[in-house]
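Following: one structure in structure tokens, then a few remarks.
The values are calculated or read from the model by the stated rules, or taken from the named source; none is laboratory data. What you see is a predicted model, and the numbers here were worked out from it, not measured in a lab. All Cβ positions, even for glycine, are placed from backbone atoms using ideal geometry, and neighbour counts span all protein chains on display. Accessible surface is based on the protein model in full, side chains and every heavy atom, while ligands, DNA and RNA are left aside. Shrake-Rupley method; radii C 1.70, N 1.55, O 1.52, S 1.80 Å.
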Amino acid sequence: MEIKIISSNDGEWLKKWDDFVINENISSHLMLSDWNKSFKSYGFDFEVAILLDDNSIIGGFAAVIAKAIFFKFYVVPFGPIVSGVSILHLNSLIENVKERAKKWDCCYCHVSLPFSKSSNKHVINYSERLDSLKNAYEGHEFKYVYSANGLNWKSVSEFQSEEELLNSFSTVVRRNIRSSLRKELKLVFAENEEDIKKGYDLCLLNAKQNGYVLRDWNSFGNTIVEMVQKNKAKFLLAINNDTIKGATLLVKAGNHYTYILGGSVKEKPDILVGHFLQYNGSKLAWLEKLDGYNISLGGSTSVVKFKNSYADEQIYYENSKYYWVLKPLYFKLYLFLEKNVKKNKRTISKILSMFRK
């Protein structure tokens, strides 16, 4: 066994890593090289550590190295992971996270392990504390790089026809799907920058109207376009009368699609754009013979209710987040600054802008 470190410039090995992430059941879009490369717009670095067995990838992790002023943080948004979940190899990779964080001179590092009591094969069903985690603190203290909390899972692989897939939803959802399919909505897969940007602009407008934040086009647009063109993602548009009524970004990893973000035009009468796009997301996973569709967790009360109506089960990662403090004095200073700048929005804006330099 060998652990090999892949830099952000090693295209050949990064492609092999992405192929592994897309097909490995216990993995996530948060591990894809293009996804992590997007943090370069904030001045962050990233790298991948891969576990090799006879030159074949059997595990690893992707890490974002976040930087601001003189602080550095080594963040593993998902994982490490190992095919077959060998605990011995998983321990070795977790230890390597700490070693790499020290190499980068970071004051802090953390991991996000997909542990769950669920029997779903896309999580690690393991309840004991690993040896490599015995000296770790539970939770995460660095919040500026997203880590997944679980899966909002819809299984699709068992269906032999689209009608079987449709009938697997509840009566209410099924009725809304059928109604949306009669609304003269046209499904379009946006593939060029112009069309993708039009859809993303709608998503940004929805975010502004509903009080949540999405990354601006300049920091995230190239990532979406590249992932779509490399067939790692799909950007779905719902078109009616030559007008975009809805948009959805899906990313492929872990032998499933994950819903990342979306937006729709709110109008009366309601043409059920959300139902149209989410059904087509699950249908896409079925057509590509993937295991399932992760409609994702979180959102407002109404959004969560809508998402859950499309899922078979909500799978939450348990005892999954751990961190280490590598430079206590630096880290205490970081916590002090973070706590106190929150009292002044203008100050925190200036601090956060440093993450973009």
### Task
Report whether or not residue 30 is buried (at least 20 other Cβ atoms within 10 Å of the Cβ), in contact with a Leu (Cβ under 7 Å, 6 or more places away or on another chain) and not in a strand (DSSP E or B).
no
### Subset of the range 174-202 [in contact (Cβ under 8 Å) with a residue 12 or more places away in the chain, within 21 Å of residue 309 (Cβ to Cβ) and not aliphatic (A, V, I, L, M)]
176, 178, 179, 180, 183
### Task
Among the residues of the range 238-253, count how many are of a type outside the set (S, T, N, Q) and either more than 25 Å from residue 18 (Cβ to Cβ) or surrounded by fewer than 20 Cβ atoms within 10 Å (Cβ to Cβ) (or both).
6
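Restricting the search to the range 1-15, which residues are of a type in the set (D, E, K, R) and more than 21 Å from residue 92 (Cα to Cα)? Break it down into steps so the answer makes sense when it comes.
Residues of the range 1-15 of a type in the set (D, E, K, R): 2, 4, 10, 12, 15.
The answer is 10, 12, 15.
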### Message
I'd like to know if the range 267-286 contains one or more residues that are touching a residue at least 60 places away in the same chain (Cβ under 8 Å), within 19 Å of the chain's Cα centre (by Cα), surrounded by fewer than 23 Cβ atoms within 10 Å (Cβ to Cβ) and closer than 25 Å to residue 158 by Cα.
### Response
no
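Looking at 22, 57, can you tell me which residue is β-branched (Val, Ile, Thr), in contact with a helix residue (DSSP H, G or I) (Cβ under 6 Å, 6 or more places away or on another chain) and open to solvent by 10 Å² or more (accessible area, probe 1.4 Å)? First the steps, then the outcome.
Values: 22 fails: in contact with a helix residue (DSSP H, G or I) (Cβ under 6 Å, 6 or more places away or on another chain).
After applying the criteria, what remains is 57.
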